[in-house]
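K.L.:
Okay, handing you the structure first.
The values are calculated or read from the model by the stated rules, or taken from the named source; none is laboratory data. As the structure is a computational prediction, the values presented were derived from the model and not from experiment. Note: ideal-geometry Cβ built from the backbone for every residue, glycine included; neighbour counts use all protein chains shown.
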Amino acid sequence: MQRRCRAAVLHRAKEPLRVQEIELADPLPGEVLVRTASAGICGTDLHFAAGLFPYPVPTVLGHEASGVVEMVGEGVDDFAPGDRVIVCDQTFCGRCAACLSGSMVYCTDSSAKERQRRRLSIGGQPIRQYLGVSAFSELMLVAAHSLVPMPPELSFEAGALLSCCLTTGLASVFNVAKPAPGAQVAIFGCGGVGLGAVQAARIAGCGQIIAIDLERHRLELALELGATEVVDATCGDVVEEVTRCAGGGVEHAVEAVGLIETAVQAFSVLRPEGQATVLGMLPVGTDVPVPARLLRQGRSLVGSVMGSVRTRMDIPRYADLAVRGLLRTDPLVTSSRGLDQVNCALEDARGRKGVRQMVRF
Ligand SMILES: [Zn+2]
Ligand SMILES: [Zn+2]
């Protein structure tokens with residue numbers, strides 16, 4: 001049996017999404033049908049909507065979401081109808097070498113991609129599910145492995161933020177950079193990901209947290225959430241300013257923008273033996289030219305998918321930080337609109353208005 005619901009469909013890159021009816025198949029063994037409660041607009045969605053990362057269309061974008069379990073497939077015994085859940089685009093097989101060594105974001109099992117081809121349709125024509133989630137839809141049909149239980153104290157908006165942006169920023173600090181207490185950190189970009197990294201650096205006890213962005217309102221929020229200094233990237237030489245602030249360079253830098261320029265800057269503000277972590281999705285086919293004179297003395301540049309998050313282990317811990325008030329989520333939510341206003345939300349996200357535009361259901 002199929003079920004129908006309303007969803008925002010991308011028919012062609014660079015065109016507005018069209019809200020229309022789609023069909024979802026019944027949950028197969030290992031799958032869960034989730035009624036969407038909240039979905040955030042992530043930079044990744046904007047990249048796909050703009051065609052920067054080619055993807056088969058039509059499709060339903062959105063991958064940062066929370067909701068309530070509606071129905072479970074055979075063999076799913078860890079979730080039941082009525083459960084509040086965080087829905088992630090990272091799923092895992094639990095059997096490959098990457099999964100077994102704790103690097104589930106690099107899972108080599110391709111069956112997840114295969115399942116995306118045949119779960120959704122429009123007028124009977126199968127469409128490819130986006131990143132295994134397709135969250136701009138009243139219902140999501142997902143692999144049970146992509147779900148994380150959500151504590152009752154957490155709002156659905158907070159749950160959605162923990163499904164992608166906040167978690168990516170937090171995990172980049174806790175799992176990849178691993179700064180020692182008192183360490184100096186520079187964070188490039190103060191959107192949802194960067195502000196997650198700023199808060200993680202504060203929770204980890206970093207001594208100096210330098211936040212960099214083009215938008216004054218985001219820098220003010222960074223200060224409120226734990227940054228000790230901010231650098232306005234529209235004024236002067238960013239590398240010079242961060243290096244000066246840090247008295248010669250930082251031990252850790254996090255790039256949460258997705259531009260070659262900021263990736264190079266993140267590397268260039270390091271002191272010897274420092275490490276820069278690039279989280280942003282750099283454009284396909286580009287190279288990152290690293291200054292040769294800085295490559296000596298142990299500096300390193302690493303890329304990371306979602307800060308190497310281990311969803312089922314890390315996200316409940318981050319949710320607990322939010323419940324305890326150590327991690328703040330509310331200031332990141334700029335707007336929460338109905339599905340019919342999804343294109344306005346995308347437009348505001350493109351214009352870097354506030355921090356996170358959300359769709360509520
Ligand atoms: Zn995302
Ligand atoms: Zn795996």
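K.L.:
Please verify whether region 29-46 includes one or more residues that are crowded, with 18+ Cβ neighbours inside 10 Å, closer than 15 Å to I127 by Cβ and of a type in the set (D, E).
P.N.:
Looking through region 29-46, none of the residues is crowded, with 18+ Cβ neighbours inside 10 Å, closer than 15 Å to I127 by Cβ and of a type in the set (D, E).
Okay, residues lined up against (1) exposed (fewer than 15 other Cβ atoms within 10 Å of the Cβ); (2) within 16 Å of ligand 2 (Cβ to nearest atom); (3) in a loop (DSSP other than H, G, I, E, B):
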{"position": "E23", "(1), (2), (3)": "no, no, no"}
{"position": "D26", "(1), (2), (3)": "yes, no, yes"}
{"position": "M71", "(1), (2), (3)": "no, no, no"}
{"position": "A80", "(1), (2), (3)": "yes, no, yes"}
{"position": "D89", "(1), (2), (3)": "no, yes, yes"}
{"position": "R95", "(1), (2), (3)": "yes, yes, yes"}
{"position": "T108", "(1), (2), (3)": "yes, yes, yes"}
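K.L.:
Any residue that is farther than 15 Å from E157 by Cα and of a type in the set (S, T, N, Q) - is there at least one of those in region 328-338?
P.N.:
Scanning region 328-338, I find no residue that is farther than 15 Å from E157 by Cα and of a type in the set (S, T, N, Q), so the answer is no.
K.L.:
Identify, please: which residue in region 61-80 is touching a helix residue (DSSP H, G or I) at 6+ places or on another chain (Cβ under 8 Å) and small (G, A, S) and is, among those, nearest to G51 (Cα to Cα)?
P.N.:
In this case the residue turns out to be G62.
K.L.:
Could you check how many residues of region 53-65 are within 17 Å of the chain's Cα centre (by Cα) and surrounded by fewer than 16 Cβ atoms within 10 Å (Cβ to Cβ)?
P.N.:
Of the residues in that region, 1 qualify.
K.L.:
In the set T36, T44, which member is within 14 Å of ligand 1 (Cβ to nearest atom), among the β-branched types (V, I, T) and assigned by TED's automatic domain parsing to the domain that holds R119?
P.N.:
Criteria check complete, one pass: T44.
K.L.:
Something else: Suppose we keep only residues that are more than 13 Å from ligand 1 (Cβ to nearest atom) and among the β-branched types (V, I, T) within region 128-172. Which one would you say is nearest to R356 (Cα to Cα)?
P.N.:
Among them, the one singled out is V148.
K.L.:
Under the condition of being assigned to a helix (DSSP H, G or I) and in contact with a helix residue (DSSP H, G or I) (Cβ under 9 Å, 6 or more places away or on another chain), which residue from region 324-349 is surrounded by the fewest Cβ atoms within 10 Å (Cβ to Cβ)?
P.N.:
D330
Yes/no matrix, rows are residues, columns are (1) at pLDDT 95 or above; (2) assigned to a strand (DSSP E or B); (3) closer than 27 Å to D237 by Cα:
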residue	(1), (2), (3)
S134	yes, no, no
V142	yes, yes, no
P151	yes, no, no
L166	yes, no, no
G169	yes, no, yes
F174	yes, no, no
C190	yes, no, yes
V193	yes, no, yes
A197	yes, no, yes
